[in-house]
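Take a look at the structure below.
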Amino acid sequence: MIGVEEKLTGTIADDLPDLLAIVDLIYQDDAGLHLVDFKTSRSKWGDSRVAEAAEQLRLYQVMSQHFAEHGTDIHLHFGVLVKVKSPYAQVLDVPKANMNSSRIAETIRPIWHAIQMDVCYPNPSMTGCSGCAYRDRCPAHSG
Ligand code: SF4
């Protein structure tokens, strides 16, 4: 076991600010380093749901390189608690993809530019807002 709610910080491009990632679980075994993100869901996750959410873990992968010795495989997984009448858990592997810092930076760059231009679309939710570090600065909670 390497970390639970492990905070990773790092820069992935010179024109972007430092990023903060909080990885739910990091562990290592004979197969390599494993990064796990836990989710809750009202329904079972399938391949398409994993694909939709995968970029989050691929960003974590790029930011966690320093945990892995050179050549160590990094494996990404979602642990999903399915909240139905009889709850159950899924452990789902994220397929390997050709993901690198510059490709992730292309995704993040327009968001950073929008932030710099004060473009703000708050998306309040019970789960998101309760632990949000920006709540005291958020227009959705200014009144
Ligand atoms: S408090 Fe945070 S999570 Fe909620 S709407 Fe504002 S920025 Fe988004």
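Condition check: touching a His at 6+ places or on another chain (Cβ under 8 Å), within 16 Å of the ligand (Cβ to nearest atom) and not aromatic (F, W, Y). Does P124 satisfy that? Lay out the reasoning, then the answer.
Values: touching a His at 6+ places or on another chain (Cβ under 8 Å): yes; within 16 Å of the ligand (Cβ to nearest atom): yes; not aromatic (F, W, Y): yes.
Yes; evaluated as a whole, the condition is true for this residue.
Would you please name the residue that is farthest from the chain's Cα centre (by Cα), looking only at residues in the range 8-53 that are surrounded by fewer than 11 Cβ atoms within 10 Å (Cβ to Cβ) and over 30 Å from V84 (Cβ atoms)?
D30
Within the range 127-143, can you find the residues that are near the ligand (Cβ under 8 Å from one of its atoms) and either more than 22 Å from L19 (Cβ to Cβ) or hydroxyl-bearing (S, T, Y) (or both)?
Correct list: Y134, P139, A140, H141.
Of (1) at pLDDT 90 or above; (2) touching a Pro at 6+ places or on another chain (Cβ under 9 Å); (3) not small (G, A, S), P139 satisfies all except one. Which?
Failed condition: (1).
Specify the residue that is surrounded by the most Cβ atoms within 10 Å (Cβ to Cβ); the eligible residues are those in the range 84-143 that are of a type in the set (V, I, T) and within 25 Å of D14 (Cα to Cα). Even if it seems obvious, please write down each step before you answer.
Within the range 84-143, the first condition is being of a type in the set (V, I, T), and the residues that meet it are 84, 91, 94, 104, 107-108, 111, 115, 119, 127.
After this cut, where a residue has to be within 25 Å of D14 (Cα to Cα) as well, the list is 104, 107-108, 111, 115, 119.
Values: I104: 20, T107: 11, I108: 16, I111: 11, I115: 11, V119: 9.
Checked the range 84-143; the qualifying residue surrounded by the most Cβ atoms within 10 Å (Cβ to Cβ) is I104.
The values are calculated or read from the model by the stated rules, or taken from the named source; none is laboratory data. Predicted model, so just to flag it, every value in this text is computed and none were measured. Please note: Cβ atoms are built from the backbone with ideal geometry, for glycine as well, and neighbour counts cover all protein chains shown.
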